[in-house]
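Here's the structure we're looking at; comments come further down.
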Amino acid sequence: MKQLVVYFSRVGENSVNGRIEIIKKGFTEILAEKISAKKGAAMFKIEPVEPYPSSYEECVKRSRKEDQDGGRVPYLHPLPNLDEYDVIYLGFPCWWRTYPRVVATFVNDYKFVGKTIYPFCTNEEGSLGLAEMELKGSARGAIIKPGFACKGSEVDNIDAALEAWLNK
């Protein structure tokens, strides 16, 4: 059973425990790497054609507009071989209580029939919000398993919780 970690992550200014800090590696990317290492899964990064601003406020404005518009946000590289994977770990920062529109575009571009998807996310609430429900509506035919969420600022200290989720 081949496994793949697909994720979107952002660097730059980020809200960390109520303060704006600059992060050089996205929290979701760190979590994706941990999952890949523990499961021996390949990795694929979703990269938007127009990168998100490094300014936290500008990123919030853009992502809010995208969420309200509900349109497609194109990404750079297509995934050439989804058919060969049975299990997909889908990672994202949780914005506006769900996954970013660039992730929605990716999900809508592929057929996940018969695939098992494990969503995971980072944010400062430590919640998947509505992402699991929306994923069930978008990735038709896929088996959506309970997801994993953690506070981005705590991503370096979640190994035990992550291990427990991965072993369920």
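Please tell me if GLU163 is surrounded by 14 or more Cβ atoms within 10 Å (Cβ to Cβ) and either within 13 Å of ILE35 (Cβ to Cβ) or out of contact with any His (no Cβ under 6 Å at 6 or more places or on another chain) (or both). Give the steps one after another, and end with the answer.
On the way: surrounded by 14 or more Cβ atoms within 10 Å (Cβ to Cβ): no; either within 13 Å of ILE35 (Cβ to Cβ) or out of contact with any His (no Cβ under 6 Å at 6 or more places or on another chain) (or both): yes.
Spelling it out, it is not the case that GLU163 is surrounded by 14 or more Cβ atoms within 10 Å (Cβ to Cβ) and either within 13 Å of ILE35 (Cβ to Cβ) or out of contact with any His (no Cβ under 6 Å at 6 or more places or on another chain) (or both).
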Residues in region 150-162: is at least one at pLDDT 95 or above, touching a helix residue (DSSP H, G or I) at 6+ places or on another chain (Cβ under 7 Å), assigned to a loop (DSSP other than H, G, I, E, B) and of a type outside the set (Gly, Ala, Ser)?
no
Condition set within 14 Å of LEU90 (Cα to Cα) and of a type in the set (A, V, I, L, M), scope region 134-160, selection surrounded by the fewest Cβ atoms within 10 Å (Cβ to Cβ): answer is ILE143
Does PHE106 meet the test of being modelled with pLDDT of 95 or more and either more than 17 Å from the chain's Cα centre (by Cα) or closer than 25 Å to GLU154 by Cβ (or both)?
no
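Quick check on my filter: what residues within region 81-101 are surrounded by fewer than 17 Cβ atoms within 10 Å (Cβ to Cβ) and either among the small types (Gly, Ala, Ser) or out of contact with any Phe, Trp or Tyr (no Cβ under 7 Å at 6 or more places or on another chain) (or both)? So that I can check it myself, show each step before the final result.
Here is the first cut: in region 81-101, the residues surrounded by fewer than 17 Cβ atoms within 10 Å (Cβ to Cβ) are 81-84, 86, 96-97.
Answer for region 81-101, where residues must be surrounded by fewer than 17 Cβ atoms within 10 Å (Cβ to Cβ) and either among the small types (Gly, Ala, Ser) or out of contact with any Phe, Trp or Tyr (no Cβ under 7 Å at 6 or more places or on another chain) (or both): ASN81, ASP83, GLU84, ASP86, TRP96, ARG97.
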Restricting region 131-149 to residues that are small (Gly, Ala, Ser) and in a helix (DSSP H, G or I), the one farthest from ARG10 (Cα to Cα) turns out to be GLY137
Pairs needed: first member in region 102-127, closer than 19 Å to LYS2 by Cα; second member anywhere, among the basic types (Lys, Arg) and surrounded by fewer than 20 Cβ atoms within 10 Å (Cβ to Cβ); C-beta distance under 6 Å; at least 6 residues apart or different chains.
TYR118/LYS145
So which of ILE35, ILE20 ends up being modelled with pLDDT under 95, over 20 Å from ALA139 (Cα atoms) and in contact with a Phe, Trp or Tyr (Cβ under 8 Å, 6 or more places away or on another chain)?
ILE20
Within region 28-55, the residues that are of a type in the set (A, V, I, L, M), within 18 Å of CYS150 (Cβ to Cβ) and within 15 Å of the chain's Cα centre (by Cα) are ILE30, LEU31, ALA32, ILE35
Filter region 128-168 for residues that are free of Cβ contacts under 8 Å to residues at least 12 places away in the same chain and of a type in the set (S, T, N, Q); the one that is farthest from VAL6 (Cα to Cα) is ASN157
Scanning region 17-54 for residues that are surrounded by 17 or more Cβ atoms within 10 Å (Cβ to Cβ) and over 24 Å from VAL107 (Cβ atoms) gives ILE23
Looking only at region 55-80, and only at residues there that are surrounded by fewer than 14 Cβ atoms within 10 Å (Cβ to Cβ) and small (Gly, Ala, Ser), the one that is farthest from VAL102 (Cα to Cα)
SER55
What are the residues in region 102-133 that are surrounded by 23 or more Cβ atoms within 10 Å (Cβ to Cβ), over 21 Å from ASN17 (Cβ atoms) and not hydrophobic (A, V, I, L, M, F, W, C), if any?
PRO119
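The values are calculated or read from the model by the stated rules, or taken from the named source; none is laboratory data. Note that the structure is a prediction, hence the values are computed from the model and not measured. In this analysis, Cβ positions are derived from the backbone assuming ideal geometry, glycine residues included, and neighbour counts consider all displayed protein chains.
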